[in-house]
Amino acid sequence: MITVEEARRLILENTGLLEPVELSLTEVKGYVLAQDVISTVNLPSFTNSAMDGYAVKGKNTKHASETNPAHLKVIGTVRAGDFPNFVVEDGEAAKIMTGAPIPRGADSVVMVEYTEEKDGNVKIKRSANPGENVRYEGEEIKKGEIGLKKGVQLNSASIGFIAELGVKNVFVYRKPRVALVATGEEVVGLDEELRPGKVRDTNSLTLQSALSQELVEFRFMGRARDEVSDIKKNIENGLEWCDVLLVTGGVSVGDYDYVKEVLEMLDVKGLFWRVAQRPGGPLFFGKKDHTLIFGLPGNPASSLVCFYEHVRPALRKMAAKKDLFLLELEALLLEEIRKKPDKIHFLRGYMEKRDDTFYVKSTGGQGSHMLKSFALSNCLIVIPKEASYLPAKSKVKVHLLPDNIM
């Protein structure tokens, strides 16, 4: 049995980056850049107005005020999308809209709020310095410069920025391909009759839902009976396609727990089995070539804890994400906690903020088979291995669940 820290180290040491792929901007939200993005244009691409108002020569507005306005002749209007063919001379102004090109001769823009136009002339009631309310060509980025560097995770704003740079496609690290095999003679699907002795296959649904929050391609390979041949067939099918194989159930020490045996038959190199944590102790991790294999416990709470604490970081590292682990905060316990000082415990909990302090409490039964407390939780309360008793008001670490980021 190894520690949680050692398990994480082994998983991440054996997890590599996936190869880059070229995708269009309509497909890349959430991906990480595998190459720098170089601008093909100056941005802005032309000098333009930052405000609605009047384009003027700044010197013609010197000392202008409410009581002593400058009087200028309006020689034209420039709308966004226009390109002016006139020149602003001394004593002249051009009405201009936000984003419209600055006409030649003008060097500043007076906001419309400080003007009054009548009969082709405008009163300027405030002075403007050269460059005021002007966006200069190339002031944000120049053609040939790096717009975004390799390693940036793309969000809505970055995709729009890349489009402004005149770039249609980018190279990103591809999605991990994740295959899932559920095992157990007792598990049945939602559409099957729940006969005596059978249980619903909740693991397939909870894991698929959790995976939907990550950027992955997912395939459910099916449910395997507790028979070596059936488990082997389903695992082989998954290994042919995936980067990460998840197998639920069959990794403990029962008479019909055949998963580890099958993985050995398929030349999977086992890197560890059993972690000093609760729930989720009988976790298996191995590797075949570049494919990672996780044998998750069959109990649904155990399986989901192992996904969040161990599988998710590997998926995120494969895709070059920087924030591998669940967001960790500190909170004060609202109740006392007792346990044996032998394993780290991940308790399903609910955290809330009161004034400037976070408080947390468990959400009910903590059995590895219990999903109700998981359904009511927004975090995992981390109780250290060596702790046997924590009184109320003790400070603890909590891991925020992605479903419930506060």
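The values are calculated or read from the model by the stated rules, or taken from the named source; none is laboratory data. This one's a predicted model, so the numbers in the text were calculated from it and none came from an experiment. Cβ placement follows ideal geometry from the backbone for every residue including glycine, while neighbour counts extend to all protein chains displayed.
Under the condition of being over 32 Å from the mean Cα position of the chain (by Cα) and not in a loop (DSSP other than H, G, I, E, B), the residues counted in the range 264-284 number 2. Of the residues making up the range 349-380, just one is free of Cβ contacts under 8 Å to residues at least 24 places away in the same chain and of a type in the set (A, V, I, L, M, F, W, C), namely Ala375. Of the residues making up the range 334-349, those that are farther than 21 Å from Cys306 by Cβ and either in a loop (DSSP other than H, G, I, E, B) or under 23 Å from the mean Cα position of the chain (by Cα) (or both) are Leu334, Glu335, Glu336, Pro341.
Just one of the numbered conditions (1) crowded, with 18+ Cβ neighbours inside 10 Å; (2) of a type in the set (A, V, I, L, M, F, W, C); (3) in contact with a Gly (Cβ under 7 Å, 6 or more places away or on another chain) is not true of Leu376: (1). Residues of the range 364-406 that are part of a strand (DSSP E or B) and more than 11 Å from Phe346 (Cβ to Cβ): Tyr389, Leu390, Lys395, Val396, Leu400.
Going by the conditions given, is Ala94 in contact (Cβ under 8 Å) with a residue 40 or more places away in the chain and of a type outside the set (Val, Ile, Thr)? Judged against the criteria, Ala94 is a match.
The set of residues in the range 132-168 being in contact with an Asp or Glu (Cβ under 8 Å, 6 or more places away or on another chain) and either surrounded by fewer than 14 Cβ atoms within 10 Å (Cβ to Cβ) or not in a strand (DSSP E or B) (or both) consists of Ile146, Lys149, Lys150.
Filtering the range 285-298 to residues that are in a strand (DSSP E or B) and under 19 Å from His399 (Cβ atoms) leaves Phe294, Leu296.
Yes or no, residue by residue, for (1) closer than 23 Å to Ala7 by Cα; (2) surrounded by fewer than 16 Cβ atoms within 10 Å (Cβ to Cβ):
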{"position": "Ala182", "(1), (2)": "yes, no"}
{"position": "Val187", "(1), (2)": "no, no"}
{"position": "Pro196", "(1), (2)": "no, yes"}
{"position": "Val199", "(1), (2)": "no, yes"}
{"position": "Leu207", "(1), (2)": "yes, no"}
{"position": "Leu245", "(1), (2)": "yes, no"}
{"position": "Gly250", "(1), (2)": "yes, no"}
{"position": "Asp257", "(1), (2)": "yes, no"}
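Residues considered: Ala301, Ala331, Ala314. Of these, the only one that is touching a His at 6+ places or on another chain (Cβ under 8 Å), outside any loop (DSSP other than H, G, I, E, B) and small (Gly, Ala, Ser) is Ala301.
Residues that are assigned by TED's automatic domain parsing to the domain that holds Ala55 and assigned to a loop (DSSP other than H, G, I, E, B): does the range 115-124 have at least one? Scanning the range 115-124 turns up at least one residue that is assigned by TED's automatic domain parsing to the domain that holds Ala55 and assigned to a loop (DSSP other than H, G, I, E, B).
Conditions (1) among the hydroxyl-bearing types (Ser, Thr, Tyr); (2) in a helix (DSSP H, G or I); (3) closer than 20 Å to Leu292 by Cα, marked per residue:
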position	(1), (2), (3)
Leu180	no, no, yes
Gly197	no, no, no
Glu214	no, no, yes
Phe220	no, no, yes
Asp226	no, no, no
Lys232	no, yes, yes
Gly238	no, yes, yes
Cys242	no, no, yes
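Of everything in the range 222-233 that is surrounded by fewer than 22 Cβ atoms within 10 Å (Cβ to Cβ) and of a type outside the set (Lys, Arg), the residue that is modelled with the lowest pLDDT is Asp226.
Of all residues in the range 36-59, those that are more than 19 Å from Ile146 (Cα to Cα) have Cβ atoms under 7 Å from Cβ atoms of residues that are surrounded by fewer than 18 Cβ atoms within 10 Å (Cβ to Cβ) and aromatic (Phe, Trp, Tyr), 6 or more apart or on another chain, in Thr47/Tyr136.
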